[in-house]
1. Springs between alpha-carbon atoms under 10 Å, Gaussian network over the chain: tell me which of I171, I142, I185 tops the mean-square fluctuations.
2. Give the aspartates and glutamates reachable from K242 as a straight Cα distance under 17 Å; neighbours fewer than 8 places away on the same chain don't count.
3. For the residues W62, W280, what sequence is obtained by ranking on other C-beta atoms within 10 Å, fewest first?
4. Set the bar at 31 Å for Cα to Cα. Now go through K43/K237; K218/K261; K8/K43; K87/K238; K8/K247 and name every pair that lies beyond it.
5. Can you tell me which of 225-236, 195-206, 95-106 comes out highest on packing, and rank the rest after it, using the mean Cβ neighbours within 10 Å?
6. If the convex hull of the alpha-carbon atoms of segment 106-214 is projected onto planes in all directions, what is the mean projected area in square nanometres?
7. For a bin width of 10 Å, list the pair-distance distribution of the chain built from all Cα-Cα distances, rounded to whole %.
8. Exposure proxy check: Y278, Y254, Y215 ranked by fewest other beta carbons within 10 Å?
Amino acid sequence: MQNFDIEKIREFYQHSWSQNYGDTSDKETPEFWNSRAADFAAKAHSDEARQESLEFLRRFEWSRDETVLDVAAGPGTFAIPLAGMVKELAVTDFSQAMLDQLQLQASREGVSNIRQLPGRWLDLQLPGRYDTVLCLNSLGVISADEQRQPHLARTLQKLADACARRLIILIPHADSPLNSEMRQILRLDAVPLERMRVGVLYFAMVDCGMLPDLYIVKRPFRWTFTSFEEARQTLLKKAGVKAEDCKSAEFDAYLNSAIQKDASGHLTLAYQVSQALYVWTR
């Protein structure tokens, strides 16, 4: 092990984590999420989405004496259904509009044991530790600082320090965010970046002193778009394909057949995706 250069490995995972070619840095700003809070809340608290959240939460044991921290809780996708299973739940988010939507839904459902901790994760001063810390589909956003620079190790260490018993991290894509039909049409044969990031994150957690259990789980995933062109550009960007380079009529025909319009007039595309679930227990 004398030739094992840990610093080079750390540089590798930090660089790899920052290479998310499908996302825009706008997602690392409160303004981006503030403008989408109402739509996200409507989707998160629909009957179908609520059932999916409950199914995920039931993977774990919860106690009425337990305190929980939900990091980047958004409109309360998981926090609202979880609140009734635990003693106290704290939520963080740097989008005040998201927290407002969460509070609105909590009031509608008579939930009174949720405490808000507004602010950017890396800048927050926490009042103490929590039995369980959740970071669900939000690690990429919370690991960025105000200058939109990623700090994966620092973020993971803060998550670990905040939990007294267990840390649960869910990554939205453990494989290509496109389904098999789209990948076949676009002839995407290379190993997706998302698969490699599963291993990168595992090593980063180990480097922070954790040895988590890793599970690859299948869960429903829904895209929401305002137009067909937005859908096309977003999905191609996620695939690492420039929109101007894609002339595939077959791809457009597939999207036309697969995209549905919901009750609010938004275009939606839903299918099962592989997600990476990391569970670390002290």
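Values in this text are rule-based calculations from the coordinates and carry no lab data. Note that the coordinates shown come from a computational prediction; the quantities given were computed from them, not determined experimentally. With ideal geometry, Cβ positions are generated from the backbone for all residues, glycine too; neighbour counts draw on all protein chains shown.
1. I185
2. Within the straight-line limit of under 17 Å, K242 reaches these aspartates and glutamates: D23, D189, E229, E230, E250, D252.
3. Values: W62 16, W280 23.
Least to most surrounded, the residues fall as W62, W280.
4. On the way: K43/K237 23 Å; K218/K261 24 Å; K8/K43 42 Å; K87/K238 39 Å; K8/K247 40 Å.
Where the Cα-Cα span goes over 31 Å, the pairs concerned are K8/K43; K87/K238; K8/K247.
5. On the way: 225-236: 15.7, 195-206: 17.7, 95-106: 20.6.
Ranked from most to least packed, the peptides come out as 95-106, 195-206, 225-236.
6. Numbers: hull surface 39.5 nm².
Result: 9.9 nm².
7. Going out from 0 Å in 10 Å bins, the chain shows 6, 27, 36, 23, 7, 1, 0 percent.
8. Working: Y278 21, Y254 17, Y215 13.
Final ranking by Cβ density, sparse to dense: Y215, Y254, Y278.
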